[in-house]
1. When the accessible area of the stretch 370-412 is computed with all protein chains present and a 1.4 Å probe, what percentage of it is carbon and sulfur?
2. Might you work out the accessible area of I318 for me, using a 1.4 Å probe with all protein chains in place, and round it to the nearest 10 Å²?
3. To the nearest 10 Å², what's Y275's accessible area with a 1.4 Å probe?
4. With a cap of 11 neighbouring Cβ atoms within 10 Å, and only residues DSSP puts in a loop, list the GluC sites (Glu not before Pro) found in the stretch 59-108.
5. Taking a quarter of the surface of the Cα convex hull of the stretch 342-429, what do you get in nm²?
6. With a 1.4 Å probe and all protein chains kept in place, how much accessible area does I381 have, in Å² rounded to the nearest 10?
7. Simple spin-label model, 7 Å along Cα-to-Cβ: L76 to E256 in nm?
8. Over the stretch 325-465, average the accessible area per residue using a 1.4 Å probe and give it in Å², no decimals.
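The values are calculated or read from the model by the stated rules, or taken from the named source; none is laboratory data. Predicted, not measured: the structure shown is a model, and the values here were computed from it. All Cβ positions, glycine included, derive from the backbone under ideal geometry; neighbour counts span all protein chains shown. Just the protein is used for accessible areas: all its heavy atoms, side chains included, with ligands, DNA and RNA removed. Shrake-Rupley method; radii C 1.70, N 1.55, O 1.52, S 1.80 Å.
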Amino acid sequence: MSWLGRNAVIGLGVGVTISTGLIALLIIKEALRRRTRRLLHNTSSGLQSETVDSAALTAAVRDLSPEQHVELRKTLDEVMKSVSCLRSEIAELREGLRDISTTIAEDVKKTVEESQRSWRRRRPLMPRERSESMSSSSIYFTASAGVASLCDDSEVGYSTAYSNAESDYTDRETDQDGEDDGRDSDEEEEESCVTVLTLRQDDSQAEEEDDEDAGLMVDSLRDIRSPELALLLAQCDLLHAGDSGKKAEGFQLLMENRPLYAVNVEFMWRLARAYSDMCETADNREEKRNYAEQGHYEAEVALTRNGLSADCHKWFAILTRLSSQYESIHGKLKSGRVLKEHLDRALALRDDDPICFYLLGRWCLEVSSLGWLERKTAATIDETPPTSSLNEALENFLKAEELNPGFSKAVRLYIAKCHKELGNASEARNWVHLALSTPAGANEDSDSAALQEELKALIDSKSDL
């Protein structure tokens, strides 16, 4: 290409570039002008609206009466006070949340530290290997060997001088000193061994105490009632106070829930009580025996889980009495001793239960009326056979009547029987009249019915006279 052609191309390019720049400049100016116009329009409209709002507010306030002005100011003051109170409450809430978070962090830290200390206390001692050397035979010599090793360098000169000075002693004195040192070391070794054994025994005792505390804690946690269990137990108590149909319904309810609450003592002794109810309402002798034996087992399970429950001892004694009715004379005498023991424990834990006093009076009455053969059998079972009297039986029956007057027709019948046996005919007739006027309820059995027919003769004989 010639020089002229190159210049023409360069000039053409420069011209195109300049024209493009001018066009872009014009476009930018037009865009800026339109944007400025739009901003001015928006500003003017906002000012107009603000002017209108302020004007409307001024007109509304101007139309208000002085009383309305005062009321408006009071309202605004209340609003400001409410806002300030809300701000202060929010600040207090923030402080409270901060304090709660700090407290939680401290509690978690203390819990972790206590668990670590408990773990260190319960950690068993590692057995130490014993050797023939004196330095490793005990804790004392191990520690003394470590201390002596630190002082070896500083005592070299003294040891050398001492050994040179001791070289003048005779061989016999040297041997005697060696024997004395050996005896002293043996005695110290034995003392250190005794110390180690004592420490290990103390640690084992502490560990056993911790295990017992943990077991008691687990038992107490098991006895805690959940809302569902509390509702179930309350429902069973209501059904127990009803007729035979209600008692059967309560028994079925407890049997259905036994897999869920078999570890709870409150549930278990109520299940034993339900077996006692079914034993009393059953007609077949074999059914009565099965209910009594199974209830005795459930009461024993509850008693093994909590030996400090008065209800567990009470129902174990009741079911022991029911199950003993199907045993021999030998078995009845053994069961009578168990019955008396658990009634005494139940009354020691809770001395206001009239049923326990009634059963204790029955036991005293039966023991006082034992025949010669039964007394001999009791003497072969126990070196000190049980003894009681009619007066003790009467005291227990009167105590049951005092705690809950008229709760049982059988109690008044047995009071009348005791007075009759003691020769108090008038008192016996009075108690028979009271018993006949008492509606039948709990603790009524075939013995009570037979006793009622027997005591009616007192009233009939008095009427004939």
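1. 51 percent
2. Here the accessible area works out near 20 Å².
3. That residue has around 20 Å² of solvent-accessible surface.
4. none
5. Projected area, direction-averaged: 6.3 nm².
6. I381 exposes around 40 Å² with every protein chain in place.
7. Taking the simple label geometry, L76 and E256 are separated by 7.0 nm.
8. 54 Å²
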